Each structure stands twice: as structure tokens, then as C-alpha cells.
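Asks: This is the structure I want to talk about, given as C-alpha cells.
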Amino acid sequence: MNNPYEVLGVSPNATDEEIKKAYRNLAKKYHPDNYADSPLADVAEQKMKEVNEAYDEINRMRQKGRGTGSQSSGSYSGAQNSKYYSVRIYIQRNMIAEAERILDEAPASERDAEWHFLKGMCAYRKGFNEQANQYFTTACNMDPNNQEYRTAVNNMNRQRSYGYGGYTANPDASVTGCTICDICSAIMCVNCLCNCCRSGF
Amino acid sequence: MFGYLQIHKDELKVKEYEAYKSVYCGLCKQLGKDYGILSRLILSYDCTFYAVMLMSLDRSCTGFHDGRCRFNPLKKCKFADCRGDAYSKAAALSVISAYYKILDDINDSGFFRRAACRIVKPAFHRREKKASKRYPEIDNIVREMMQNQQKAESDPDVTVDSAADPTAKMISGIISLEAKDDIQRRVLSEVGYHIGRWIYLTDAADDIEKDKKHNNFNPFVKSGKCDQEYISSVLNQSLARAYDAYNLLDIIDFKPIIENMLIYGFPNKQNAVLNKQQEVKDEQSL
């Protein structure tokens, strides 16, 4: 794979916020919707895949650098040999009632981080955001090194701060007086007028 | 319904605003035609949103024509033409939801409002019957929601999630009636669920002070978390999930209008509600 930073078009020193922004812009750009009827649909899909892989790769690298180091990557492969394998399959197939039934059968003493995470997944699929938030946070607190749980919590937080377009939490911020653009265009106008006068002589 | 599903006019192009208004006027005309001149009074932004969505989904808007407003004959207005049943469905939903709203008000409002609702109830019931004959599936979904809502609110373990669930499921059910295939049904149902949840919770946030005073049920009061920051994050998430799901739809007609609502209109309304709530609190603390 190419250098993930190059794929996203950011420098390796970029902050997490910058990377997220670059990723978001690219994801928007290559979104399948934009190419629904286009003969380039497959190209867009490929691009999207590359961008996703690059973003995941950067996140993984940075997480490793920050965390305790040795343990963190091991937890990611836990999905396959997990004791809740069937629950994961049910969730994947959107059979939430079955998944919840198995989870609820687990005795209270065996309810570990993964149990909380999967309960959160069920709630999230149903649209019960508040419940999901609690379970994800609990899972993350019980096992702070697990990338999967952390991603879920981060995703919740992203949605809760609603970064799309025009939303501003502070109503005053939407009132703009004189922007940089206004100043520039004013200077350009003045410049034009001055040139007019000069050419007249 | 509640009138929260509005556009944000400042961010629309003039032609898009005209198009939106012409659907609004078209729906008003349809209400008059189907259910009599008085039912034009129950015209709402929510049902206009529904009409816009329907026309966009089945691509049934064929153009616009000039006309005059029935209530103000001096005012010229445009009407959007539609070859499908988007208008008549939206009119039916207006009538049906207005009737169930009145039933709900009779159950839990003050003496005068209750008396007023009792007086107008038969007129609404007649119209609701007519609408439910045409679209029984819509009537069933709304009726089921009313029953589930009462059940959810009287449950001792009620949470923010479970209280919002009936309304969310209602919008989800109504909007996914339009699906053309299974995948679209899943997407529409997701969009509807989160918009419905947002409507219910925005309404709940709007009523916090009132419900506290009259000791009525309110999910935020019940959960003990009424601060503005928490409520706004809950509402944000619903809008975000609705928008994410919406992005998987292939919307062509009225796209700028629908996106304006999701990105500017609804958050704008949400801010208005939350800031109003903040003002009330400030007054009390002064």
C-alpha cells in the first residue's frame, strides 16, 4: 500500500483533527452517491477503499504510539475466537432480538467488556442511542486498550457533535459582519477605480 | 405533529425556496379539495416535508403553475404539479395526525383546552375516517404509535430511548411505505427512525418547563438530565444518523431543499428550541 499520509494528502506531522478533516473531505468526494450513474463508479469505489485503509492505518499507527505499546494490537483480532461469535453473526445479519436473547442469558458475573460492547451494538442498531452510549462507554472503561470499543465511542462522540455543514452550537457565531472576502473585494474595486482615473489622463 | 421539520430560508436559493413554497401551497389546495376548506387550517410544515419527500422519491413532480391563494386572493402563488398521489397522501397524514393529536390533548391538557378539543373532535373524526378509508396503512401506523406511546410512558423503567421509540417507529413506518426494494426500505426506515426520534425529543425539550410545572411526563425530566449540552448532543446524534442514512438514498428531485432541511433547517429549529429553554432558565435565576 502507498504511504497512508500521501493517500490522504496530509503531512505526517498533521494533527488528528487535520487528518480527520482530510479523510472526511475525501470520503465525501468519493462517496458512491456521487457516481451512482457514472461509468467511473468502480473507480470511485476503489478510491474510497484506499482512503478508508489509509485512515485506518494512520489511526492504528497513532494509537500504538500513544498507548502502552505492547498489548494494544493484539486485542483487535479477538473477534474471531470470541465466545460471543454467534452474537456477532446475528448482529451482522441484523437479527437483533436473537443477539440480545443470548446476551441476556449471560450471568452477571460473566458480563465483561465485550458483553457491554455487544449490548451497545444491539442498542445502536435499534436506534437506542442513549443506551448504546452507556454500554460503549462502560466497555471502553473496562478495557481501555481495545481499539474496537474506542472506535465505537469516538463514533458516538462524532455524531453527538454533529459536524455537518451549518450547525453552530453558538447562535452568535452565525452572524458575520465583514469577512476577509469583503475586504479583498473592496480593495479590488478601489484599485479598479484608481486605474480608470489614471488611464483617462 | 409538531411543525419542527422546516427549511432554513437564508441558505436556500430563491428558486428552491419558490419550489418549496409551491409544494406547501399545493398541499394546502389538496387539503381543501379532499377534506373541505376548514381543514386547510391544519396544514403543517411536517406534512409538507412528507410531500416533498414523496414527490422526490417517486419523481412525480411535473412542473409548476401560477394561481391565487384561496385565503388571500390578492396574493399570487405557484403550485407544484404532481402526477402521483403524494399530495393526497400528505393530506391524509395531516388529517389523521391532527385527529390523534386532539385525542391526545383530551387526555392530558388543562380544562379549557380539553373542552375546546371535545368540541372540534367530531369534525376531525369525520375527516379522519375518510382519510383512513383511503390510506388504512397510514391510519394503522399512527394509531399503533398512540397506543405504544401510552404504554411506554406508563412503564416504570422508561428511558429517553424507549419514550422516543414509538414516534420514531411511526415516522419510520410511514416513510418506508414508499420503498421500491428491500435495500431502499432499510435506508428509508433508518432515515425515518432518526427523524422521528429527533421530532419527539425536540418536542420533549421544548416542553420541559411546562411539563415540570404541570407534573406531566417528560423523558428528560424523568431521566434527571435536563442540561442543554446533554440534550443537544442527544438531538445532534439523531440528526447525524438520519443524514448518514439519507446519503445512501439516490435523491434527485428537490435535493437542495431536503439537504437544506437536514443540514440547516432542523439544527436551526433545534437551536431555537434549546435557546428558548435556556432563556427561561436565565429568567428564573435572575
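Asks: Using a 10 Å cut-off on Cβ atoms, rank the peptides B:26-35, A:53-62, B:100-109, B:160-169 from the highest mean neighbour count down.
Replies: Listed from highest to lowest mean packing, they are B:160-169, B:26-35, A:53-62, B:100-109.
Asks: Kindly state, to the nearest 0.05, the FRET efficiency for A:Asn141 paired with B:Ile119, given R0 = 56 Å and r defined as their beta-carbon distance.
Replies: 0.50
Asks: Between B:Asp181 and B:Asn275, what is the label-to-label distance in nm when each label sits 7 Å out along the Cα-to-Cβ direction?
Replies: With each label point 7 Å from Cα toward Cβ, the separation is 4.4 nm.
Asks: Over 27 Å between C-alpha atoms is what I'm after, so list which of A:Lys126/B:Lys121; B:Lys212/B:Lys269; A:Lys119/B:Lys225; B:Lys9/B:Lys130; B:Lys222/B:Lys276; A:Lys126/B:Lys151 land there.
Replies: Over 27 Å apart, Cα to Cα: A:Lys126/B:Lys121; B:Lys9/B:Lys130.
Asks: Cα to Cα, under 17 Å, and not fewer than 8 places away if on the same chain: which aspartates and glutamates meet these conditions relative to B:Lys29?
Replies: Here the aspartates and glutamates satisfying the reach criterion relative to B:Lys29 are B:Glu18, B:Asp46, B:Asp66, B:Asp81, B:Asp85.
Asks: As a test of the formula, what do you get for chain B when each DSSP H run with n ≥ 4 contributes -39,500 (n - 2.57) and the sum is divided by the residue count, at 222 nm and rounded to the nearest 500 deg cm²/dmol? Walk me through the numbers before you get to the answer.
Replies: Numbers: 12 runs with 199 residues, N = 286.
Dividing the helical sum by the residues of chain B leaves -23000 deg cm²/dmol.
Asks: Any idea what the relative contact order of chain B is, in percent, if you count C-alpha pairs under 8 Å spaced at least 6 apart? Please list the in-between numbers first.
Replies: On the way: 369 pairs, mean separation 59.4, N = 286.
The value is 21 percent.
Asks: If you fit an axis through the alpha-carbon atoms of helix B:228-246 and take the longest principal axis of the Cα set of chain B, what angle between them do you get, 0 to 90°, nearest 10?
Replies: 30
Asks: So, one more: If you build the convex hull over the alpha carbons only and average its shadow over all orientations, what do you get for segment B:215-265? Give it in nm² to one decimal.
Replies: The directionally averaged projection comes out at 4.9 nm².
Asks: If I take R0 = 35 Å and measure r between the Cβ atoms of A:Ser11 and B:Leu248 in this structure, what FRET efficiency does the formula 1/(1 + (r/R0)^6) give, to the nearest 0.05?
Replies: The value I calculate is 0.60.
Asks: Given R₀ = 45 Å, what would the calculated FRET efficiency be for A:Asp56 paired with B:Arg134, taking r from the Cβ atoms and rounding to 0.05?
Replies: Working from the Cβ atoms, E equals 0.30.
Asks: On to the next question. Test of understanding: ordering B:Leu38, A:Leu8 by Cβ neighbours within 10 Å, fewest first, what list do you get?
Replies: Values: B:Leu38 13, A:Leu8 23.
Final ranking by Cβ density, sparse to dense: B:Leu38, A:Leu8.
Asks: Something else about it: Tell me, in nm to one decimal, what length is gained between B:Leu103 and B:His8 on full extension, where the rule is 0.36 nm per residue of separation less the Cα-Cα distance?
Replies: Working: separation 95, 0.36 × 95 = 34.20 nm, distance 3.13 nm.
Between B:Leu103 and B:His8, full extension yields an extra 31.1 nm.
Asks: Arrange B:Phe2, B:Phe111, A:Phe117, B:Phe71 by Cβ neighbour counts within 10 Å, fewest through most, would you?
Replies: Listed from fewest to most nearby Cβ atoms, that is B:Phe111, B:Phe71, B:Phe2, A:Phe117.
Asks: May I pose another question? Please state the relative contact order of segment B:197-282 as a whole percent: Cα pairs under 8 Å, 6+ residues apart?
Replies: 41
Asks: Sticking with this structure for a sec: Using only C-alpha atoms and all pairs of different ones, pull out the Kirkwood radius for segment B:147-286 in Å with one decimal.
Replies: Across segment B:147-286, the inverse of the average 1/r is 16.0 Å.
Asks: A follow-up question, please. Out of B:Gly192, B:Ala168, B:Ile37, whose Cα points farthest toward the positive end of the dipole of segment B:9-277 (charges: +1 Lys, Arg; -1 Asp, Glu; placed on Cβ)?
Replies: B:Ile37
Asks: I would also like to ask the following. Over all alpha-carbon pairs of segment B:9-277, lay out the pair-distance distribution in 10 Å bins, whole %, shortest bin first.
Replies: Per 10 Å bin, starting at 0, the Cα pair percentages come out as 6, 27, 36, 25, 6, 0.
Asks: I need the per residue convex hull volume for segment B:51-137, using only the alpha carbons, in cubic angstrom as a whole number.
Replies: 133
Asks: With each pseudo-label sitting 7 Å past Cα toward Cβ, what's the B:Arg83-A:Asn154 distance in nm, one decimal?
Replies: Computed distance between label sites B:Arg83 and A:Asn154 equals 4.9 nm.
Just so you know, all these numbers are worked out from the coordinates, no wet-lab data involved. Treat the numbers as computed from the prediction; the structure is a model and nothing was measured. Note that each Cβ is placed from the backbone with ideal geometry, even for glycine, and that neighbours are counted across all protein chains shown.
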